[in-house]
Amino acid sequence: MKSCTATTTATSNPFLSFFVRAWNSGSCDYSLDTSRFLRDYAVWEINAFLWISLITITCLLTNKLFQLFKLWTQARKIPGPPCPSFYGHFNTVSKQSLTELLSDSHGDYGSVVKLWLGPTQLLVSIKEPELIKEMLLKAKDKLPLTGKAFRLAFGRSTLFASSFVKVEKRRESLASELNGRLIERANVIPTKAVDCIMEKLHHIMGKGSIDCKMVSQHMAFTLLGAMLFGDTFLAWSKATIYEELLMRIAKDACFWASYSVTPFWERGFWRYQRICTKLKCLTQDLVQQCSKNYKLYHGMDPVSDNETANAGMEATVGSKSYSGIFLQDFFSLEELNCHLKAREEPCGNIMGMMFHGCLTTAGLISNMLVRLVTHPETQHKIYSEIIMAQKGSGEIDQPNVEKMPLLLATVYESARLMPAGPLLQRCSLKHDLRLKSGVIIPAGAILVVPVQLVQMDDSSWGNDAAKFNPYRFLSTTEKTSGSLNKDISVAGPVELLDQGQSSFVLNDPNKNPAFLPFGSGTRACVCQKFVIQGIARLFASLLERYEVCPMNNFLVRLQPGSK
């Protein structure tokens, strides 16, 4: 009875059956059983692998299907226009501007509306300033498309990744550098930057007319490069090539990042990669030039050779040298790019800053130039303010923009009327977003703020929200009696009052939650103060000597009475 049971157990298991038959049979039968066993065992292993794969794939698809049904269920609770087709509002967006569609939807469905960009892609737009402030504090991630665009162009970076966890520490160090030591350079660079910009513009105008977009692009590129790299950038012979490559990358970055799979089979993609490689080489060359100038400057005797070093740099650039200020802070640039992880691209953070900074700064400069042209009375008042501030400070080459509230207000108003982009985009990659209003936004949904609508909303900015009025950011302080001062808000355009009777005070624009040209919350632009100060000082130096006026396209001419 026991032997029969043992035989049955052995034959039920192919592995044990092989040893039982091998023990009881001869050598010829043994070889035959061996081949049969190996074949059966291979079939058993393959079947087990296929079953495990089938179960795994089924679980993954089931989870995806569950997440999709969860997305649809949660999205049903968010108001919004009904979907015209299975593909959502994609066809509607392609025929109509997204900003116009969101404007109509918010008017019909309230401050929080949804749009389906596809069966699995949900877009949620928020227009209420208080809800926007809450959302921007909680939604810490950016869209994966943004991080992919930077990664394809400049390599892996911990400064422009989509996940907030990966960029938090680097953003903190960058903010301390830009708003600390580097912002001091903005006090000195603009005058030299204006000379460099005007030299380039006169050269271009000699070949033909130029438009406002080209002027603002070159101004932004020169300003940002000078503030980050100092005199080395202004004297760099390859700056023009660098600017051209940067703008070519800007045109194609989002297009190649929109592919779900990197298009290695496209010839255009490899041409794009070659342009990015050239830009990386030029960036490394620029950093090496800065390093050489730093070593040259500090390698000399600080007493006897200091004047010689400055004279040499003056000869290189053609004006007063500010290299010392840049060189003593050169390692802040290295701190921005050092401590790289093994997978990070050298100089990737620097290229990303130049790329993102040039695009956003150029848009603000362009809009400000247009406003100065279309409102010459404001330009003349700013000119008077600059001259008055210069007389009070006594520093000709270093404009003190803190004493120019109208100029700063004009910068803020230009940013309000024409932000860098029509939409402010965020997302929460892993967690659902619960707002105080009770709305639950599913994880992975695209969160947008229609910045143009919010910043021109009458409920936040008054009846003149669509008009250019820099005085909305100003208040006046009148001397009433003795040392008593009285603050009066400026509701509309007023004439510049006499400095002995009244002075303007700049209000903090960030106190208004509807002011969003630089974003808000955890992923707000860390360069806001850096950019505002740089642009203000650039225009202070520009308007002191030149008048911005319209001609055929866009030209500048010398300010009457200036040198």
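The values are calculated or read from the model by the stated rules, or taken from the named source; none is laboratory data. As the structure is a prediction and not an experimental result, all values here were calculated from the model. Because the Cβ atoms are built from the backbone with ideal geometry, glycine has one as well, and the counts that use them run over all protein chains shown. Side chains included, ligands, DNA and RNA excluded: accessible areas come from the protein's heavy atoms. Shrake-Rupley method; radii C 1.70, N 1.55, O 1.52, S 1.80 Å.
Assorted remarks:
- In the stretch 226-241, the count of residues that are closer than 16 Å to residue 154 by Cβ and modelled with pLDDT of 85 or more is zero.
- Filter result (of a type in the set (Ser, Thr, Tyr) and either modelled with pLDDT under 80 or not in a helix (DSSP H, G or I) (or both)) within the stretch 47-104: 85, 87, 92, 94, 97
- Any hit, the stretch 105-115, residues being in the same structural domain as residue 428 (by the TED database) and either assigned to a loop (DSSP other than H, G, I, E, B) or modelled with pLDDT under 85 (or both): yes
- Residues that are modelled with pLDDT under 50 and open to solvent by less than 10 Å² (accessible area, probe 1.4 Å) do not occur anywhere in the stretch 349-366.
- Residue within the stretch 242-251 that is closer than 22 Å to residue 538 by Cβ and either in contact with a strand residue (DSSP E or B) (Cβ under 7 Å, 6 or more places away or on another chain) or open to solvent by less than 10 Å² (accessible area, probe 1.4 Å) (or both) present: yes
- Within the stretch 431-453, tally of residues that are over 19 Å from the mean Cα position of the chain (by Cα) and closer than 20 Å to residue 77 by Cα: 15
- Within the stretch 240-272, tally of residues that are more than 18 Å from the chain's Cα centre (by Cα), of a type outside the set (Lys, Arg), outside any loop (DSSP other than H, G, I, E, B) and more than 29 Å from residue 204 (Cα to Cα): 3
- Apart from one condition, residue 428 fits all of (1) in contact with a strand residue (DSSP E or B) (Cβ under 7 Å, 6 or more places away or on another chain); (2) at pLDDT below 85; (3) open to solvent by 60 Å² or more (accessible area, probe 1.4 Å); the exception is (3).
- The requirement of being closer than 26 Å to residue 143 by Cα and in contact (Cβ under 8 Å) with a residue 40 or more places away in the chain is satisfied by residue 246.
- Hits in the stretch 120-156 (condition: among the acidic types (Asp, Glu) and either assigned to a strand (DSSP E or B) or open to solvent by less than 30 Å² (accessible area, probe 1.4 Å) (or both)): 134, 141
- Among all residues of the stretch 208-216, there is at least one that is out of contact with any helix residue (DSSP H, G or I) (no Cβ under 7 Å at 6 or more places or on another chain), at pLDDT below 80 and of a type in the set (Asp, Glu).
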